[in-house]
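Report on one structure; see the data block that follows.
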Amino acid sequence: MSASPKKQMLGGDGVMRVVTPEDPVLETDGYLFDYLVVNLPSTVITSILDENGDSLVDPNTGGQWDFGFVSTKRLEPGVFIIGKNGARIKQVNVSAGSVIGYQSRDKGNLRL
């Protein structure tokens, strides 16, 4: 019997989580996403922190992406976001729209 479509997509026993303005992912939640995918039109991401505590969106702190903190920088569905130098993502906040976080590998803290 073949694996479920979710398991196939995640490469095993992984996790998908929708991140909305009402349901952000905080550092303390314990998630480590391999990547994010923008889910809804006109999504605005206000913060992303990687597992090293580095901001990926704030250009003032060395962020690699300059799409945060400005409401006119809206992302469209399908935009794929990964961490800097392979670091996983541990915090995500959006002020409009949503993203989906995907965690495909277990490094000791997989949340279900």
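Overview of values
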{"item": "Total residues in the range 25-47, condition at positive phi and at pLDDT 90 or above", "result": "1"}
{"item": "Count - residues of the range 52-80 that are modelled with pLDDT of 90 or more and buried (at least 20 other Cβ atoms within 10 Å of the Cβ)", "result": "0"}
{"item": "Residues (at pLDDT 95 or above and either surrounded by 12 or more Cβ atoms within 10 Å (Cβ to Cβ) or of a type in the set (A, V, I, L, M) (or both)) located in the range 8-24", "result": "19, 20, 21, 24"}
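The values are calculated or read from the model by the stated rules, or taken from the named source; none is laboratory data. None of the values given here were measured: they were computed from a predicted structure. Note that each Cβ is placed from the backbone with ideal geometry, even for glycine, and that neighbours are counted across all protein chains shown.
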